Structure formats: structure tokens, C-alpha cells
């Protein structure tokens, strides 16, 4: 796999700045700072119960709305609404991880959100994130009917949801982690296709 080198990254960044202006710089800088502060520094965000919030924000609204701004020169209300299910499913991926690592994180005094609210509440929150993603897609269908294409990903929900709600062993939750990432990919692709229809 080819890794992007600093010169290539600078060239790509310059193209994006030329296309969308200085907001891209601020988005990039905020993303870098958040990425570093996530698990590093004097007050790691992930270990103080803020990991899910930042994953939702940066993988949802920041990523989706930033992409539209670069491509269309604006941020629409449709993009903002579409960013919510994307952020919810990205957050669900992290929740699986934190439900799986609950005992170890608690022993290591990593105060993730799941450690703070408890494993059971973390499981329920996972189900809520998945449910909200599909509910928002259904709501988007009122203005963009083809957004319902995202519901074709629904068959991918059952297995990881059952595992997160009931499994206690690592391998089952590892499988749920991979399955949730797959759900995120397929749902996002179908939603994008539906909104571009």
C-alpha cells in the first residue's frame, strides 16, 4: 500500500485550499489536534469519556459537511442531516470497542464513556446509535426519496447488534466490531448514492 508522503500531502492540501479557501486549513488543523488529543497529551479525550463525542463530530458533521464545502462551496442543511447517521455509525464502531475493552479499561483507569456509564448502558447506546442512523435516513427520504437505499444495509445490523447486546467474550465482540465497520461502509455508500440520485 502506498503511503502519502509529506510532499504529496502538501500538494493535496494546497489543491483543497485553492478550491475551498481557508476553512479547509481550520478543519485540517482541528482534525490534527483532535487526533493527537484523542489518546495523547495531559488530558486524553478518549480516557475522559469524550471519545464518542469527538468521533461523532469529526467522522460525521466535520467530514461530510467539509466534503460538501470543498466540492460545492457551501454547506447545505441536507449535508448536515446526512452527516448524522454517518457520525452515529462511526460512534457505534467505537462503542463496540469500548464495550469489549470495558474490564481492561476500568483496571487501567481509562475512563472511557462506557466505563463511566457502565457496560450495559454502553450496549444500549450502541443500539441507539444504529437506530438513529436508520431513522435519520428514513427522515431524509421525505426530501430525497432515494435516501431509503440506505435501508438496504439493514440485514447487516442483526449479527453485530445481537453480539453487542449479549456477548461477553472478546472474539464475538471482535466480529461485531468488523461487522459494524462493514455496516458503516455499506450504509454510507448507499446513502451517498441515494442522495446523489
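The values are calculated or read from the model by the stated rules, or taken from the named source; none is laboratory data. Keep in mind the model is a prediction, meaning the values are calculated, not measured. Please note: Cβ atoms are built from the backbone with ideal geometry, for glycine as well, and neighbour counts cover all protein chains shown.
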Inset, instruction - Take segment 123-133 and flag every residue that is within 13 Å of residue 191 (Cβ to Cβ) and surrounded by fewer than 21 Cβ atoms within 10 Å (Cβ to Cβ). - result: none
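Just to be sure I understand, how many residues within segment 155-179 are exposed (fewer than 14 other Cβ atoms within 10 Å of the Cβ) and either touching a strand residue (DSSP E or B) at 6+ places or on another chain (Cβ under 9 Å) or part of a helix (DSSP H, G or I) (or both)? Write out each step before concluding.
First, pick out the residues of segment 155-179 that are exposed (fewer than 14 other Cβ atoms within 10 Å of the Cβ): 155, 158, 162, 166, 168-171, 178.
Restricting the remaining residues to those that are either touching a strand residue (DSSP E or B) at 6+ places or on another chain (Cβ under 9 Å) or part of a helix (DSSP H, G or I) (or both) gives 155, 158, 162, 166, 170-171, 178.
Result for segment 155-179: 7.
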Inset, instruction - Out of the residues in segment 111-142 that are assigned to a loop (DSSP other than H, G, I, E, B) and touching a helix residue (DSSP H, G or I) at 6+ places or on another chain (Cβ under 7 Å), state the one that is nearest to residue 169 (Cα to Cα). - result: 112
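Residues of segment 109-122 being over 17 Å from residue 44 (Cβ atoms) and either surrounded by fewer than 20 Cβ atoms within 10 Å (Cβ to Cβ) or touching a strand residue (DSSP E or B) at 6+ places or on another chain (Cβ under 7 Å) (or both), which ones? Working first, answer last.
The initial filter retains those residues of segment 109-122 that are over 17 Å from residue 44 (Cβ atoms), namely 117-122.
Scanning segment 109-122 gives 117, 118, 119, 120, 121.
Residue-wise test of (1) crowded, with 20+ Cβ neighbours inside 10 Å; (2) at positive phi; (3) in contact (Cβ under 8 Å) with a residue 24 or more places away in the chain.
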position	(1), (2), (3)
83	yes, no, no
99	yes, no, yes
107	no, no, no
135	no, no, no
152	no, no, yes
Inset, instruction - Among the helices (runs of 4 or more DSSP H) lying completely within segment 1-80, list those that include at least 2 residues that are surrounded by 13 or more Cβ atoms within 10 Å (Cβ to Cβ) and modelled with pLDDT of 85 or more. - result: 23-39, 51-59, 61-72
